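Structure first, then comments.
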Amino acid sequence: MPFAVYNDLSQKKEPFVPVDSPKVGIYVCGPTVYDFFHIGNSRPFIIFDVLRRYLRNRGYQVTYVQNFTDIDDKMINRAAEMGITVAELAERYIGEYFADADALGIGRADVHPRATEHIPEILESIRKIIGNGHAYVLEGDVYFDVLSFAPYGKLMRQNLEELLSGARVDVNSRKKHPLDFALWKAEKPGEPSWESPWGRGRPGWHIECSAMATKYLGDTIDIHGGGSDLLFPHHENEIAQAEAATGKPFVKYWMHNGYLLMDHEKMSKSLGNFRTLRDVRKQYSPLAIRYFMLSAHYRSPINFSAAGLEQAASGAERLRSCYRSLEEAPEKKNLQSEASLKEALEKARERFHSDMDDDLNTAGALGAVFEAVKAINTALHEEGALTMENKEEARTFFHMVDEVLGILDIPGILRETAPNSEDARIEKLIEKRKEARKNKDFAGADKIRDTLLEEGIVLKDSPEGTKWYRKL
RNA sequence: GGCGGCAUAGCCAAGUGGUAAGGCAGAGGACUGCAAAUCCUUCAUCCCCGGUUCGAAUCCGGGUGCCGCCUCCA
């Protein structure tokens, strides 16, 4: 079975056939860097990062491009508000983007192009669109001429009239058609601007994405992703621009993730019902946040809630707990469980892949992971040990899962960092508790355990001694 | 008005024709000095009505409810 994706162009699940397999180009709309991003914004970043990881795991050579919009109205307004330049604002929030994204385990894109660094490509693209008769100049502005581009509306499956019927119409517009959108905006006093054949100005929002996507990934790119709110007008306009410029199909597969809701309403900056990732991160671990995002299908809306995040944290904890026992398990030969565990792991691996192949069904794939967890725990419970082979198979499985979903943080579980004074302090308390228990001072022993638990340190007594770990 | 999505146990959530994955929470039990972790047991007939079918959560028709896009927005 090949990998299949739901394509918003056809509104169907389609087998994934890259333009030039095994190479795959993915373009995802990145943030406008005028502020911290919120937890809703992080959904596509996580989803498409997982898509990229999975395609790599499947053997594709993925080139992943995610832009930064570093010039637009929001940027200009915010910079003015803060009394800094647009460039300074961009620099600052690109840094903050990476701080949050890195913390969430979102891999860096192969290219993170910025609009302001691609003015020549943008100008070239506009020139082609005008040359092909799909745009017109109006006093230093350049507008895309939607009437000239017959397929306009194909992503939305609506014609111009239908698109217009619910829209607010700008009565005073000089545009040929109300849906004509700006490719280039004439300079306004005090705003950043660049030279162009039509006078100084700056690019419209939509043009940067199509210009940069085609620059890095070719005229026809395999996958273009983003949040559903970009379907119209942003992605519709990108198609119009790119295809008007090149005459070739712009994107093979359009993928859009569902919204993150807050109290069952779309989380958005404009509604004001958002929580920055920076803020949420103080309360919940990155693993819990990733698990939460992956526990539902990417196209479904998910509702942000404390209960949801806590459930996710518990689930992730169970996974980690299993990995921990796996690594701590004694090794024995010729165990009864050997063959059945091997089989269970193999089954889980197959299901994991077939679910992921089915339009990135991460919720199903997580189910497969828990089936493996169950099998490992049961074997370990019954035998008190694992064979070396089983251990290795289980390890391989978990590493594959972590590589694709990034919800385990295996190095963190193994505590691979050098011992520090904090660890020493904890070990010392555990030693003290051991003494107390030896002297049957259970009250004293429990007090130490409770104190540590309050700090998020969990103790586990076993015949081999007391182990500890940090809760998520 | 046009277009699109969703409705599965207390909560989250897979499953698109063959008789309901998985997780969280809860209950009982095992293990433990007590816990934690783990294991065992337990916990749904899939919004409503009608239809197609030997058989439907899954297909069709009709309802009801919720959400989104058509305006900056991941």
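Bear in mind these aren't lab numbers, they're just calculated from the coordinates by the rules spelled out. Note that this is a predicted model, so its numbers are computed, not measured. When we count neighbours, we look across all protein chains shown, and the Cβ atoms used for this are built from the backbone with ideal geometry, even at glycine.
In table form, for the structure just shown:
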{"item": "Pairs, first in contact (Cβ under 8 Å) with a residue 12 or more places away in the chain and of a type in the set (Val, Ile, Thr) in the range A:146-164, second assigned to a loop (DSSP other than H, G, I, E, B) and more than 9 Å from RNA strand B (Cβ to nearest atom), C-beta under 7 Å, six or more apart", "result": "A:Val146/A:Tyr152; A:Val146/A:His177; A:Val146/A:Asp180"}
{"item": "Answer residue from the range A:218-238, given it is part of a helix (DSSP H, G or I), crowded, with 24+ Cβ neighbours inside 10 Å and of a type outside the set (S, T, N, Q) and is nearest to RNA strand B (Cβ to nearest atom) among those", "result": "A:His235"}
{"item": "Any helices (runs of 4 or more DSSP H) falling wholly within the range A:1-119 and containing at least 2 residues that are over 22 Å from the mean Cα position of the chain (by Cα) and either away from RNA strand B (no atom under 14 Å from the Cβ) or crowded, with 22+ Cβ neighbours inside 10 Å (or both)", "result": "A:73-82, A:86-103"}
{"item": "Any chance A:Ser295 is out of contact with any helix residue (DSSP H, G or I) (no Cβ under 7 Å at 6 or more places or on another chain) and within 6 Å of RNA strand B (Cβ to nearest atom)", "result": "no"}
{"item": "Residues satisfying the stated conditions in the range A:416-445, i.e. under 42 Å from the mean Cα position of the chain (by Cα) and surrounded by 13 or more Cβ atoms within 10 Å (Cβ to Cβ)", "result": "A:Asp423, A:Ile426, A:Glu427, A:Leu429, A:Ile430"}
{"item": "Qualifying residues in the range A:443-471 (those that are of a type in the set (Val, Ile, Thr) and outside any strand (DSSP E or B)) - the one nearest to A:Gly384 (Cα to Cα)", "result": "A:Ile448"}
{"item": "Tabulated pairs, the range A:427-448, first among the hydrophobic types (A, V, I, L, M, F, W, C), second not in a helix (DSSP H, G or I), C-beta under 8 angstrom, 6+ apart or interchain", "result": "A:Ile430/A:Leu459; A:Ile430/A:Thr466; A:Ile430/A:Trp468"}
{"item": "Residue within the range A:165-186 that is under 20 Å from A:Glu117 (Cβ atoms) and either more than 13 Å from RNA strand B (Cβ to nearest atom) or more than 32 Å from the chain's Cα centre (by Cα) (or both) present", "result": "yes"}
{"item": "Subset tally (residues that are more than 10 Å from RNA strand B (Cβ to nearest atom), crowded, with 19+ Cβ neighbours inside 10 Å, farther than 30 Å from A:Arg299 by Cα and not hydroxyl-bearing (Ser, Thr, Tyr)) for the range A:348-387", "result": "1"}
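Here is a yes/no grid of residues against (1) within 25 Å of the chain's Cα centre (by Cα); (2) among the aliphatic types (A, V, I, L, M); (3) under 30 Å from A:Ile223 (Cα atoms):
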residue: A:Ser300; (1), (2), (3): yes, no, yes
residue: A:Phe304; (1), (2), (3): yes, no, yes
residue: A:Arg324; (1), (2), (3): no, no, no
residue: A:Glu327; (1), (2), (3): no, no, no
residue: A:Leu345; (1), (2), (3): no, yes, no
residue: A:Asp355; (1), (2), (3): yes, no, yes
residue: A:Gly367; (1), (2), (3): yes, no, yes
residue: A:Ala385; (1), (2), (3): no, yes, no
residue: A:Glu393; (1), (2), (3): no, no, no
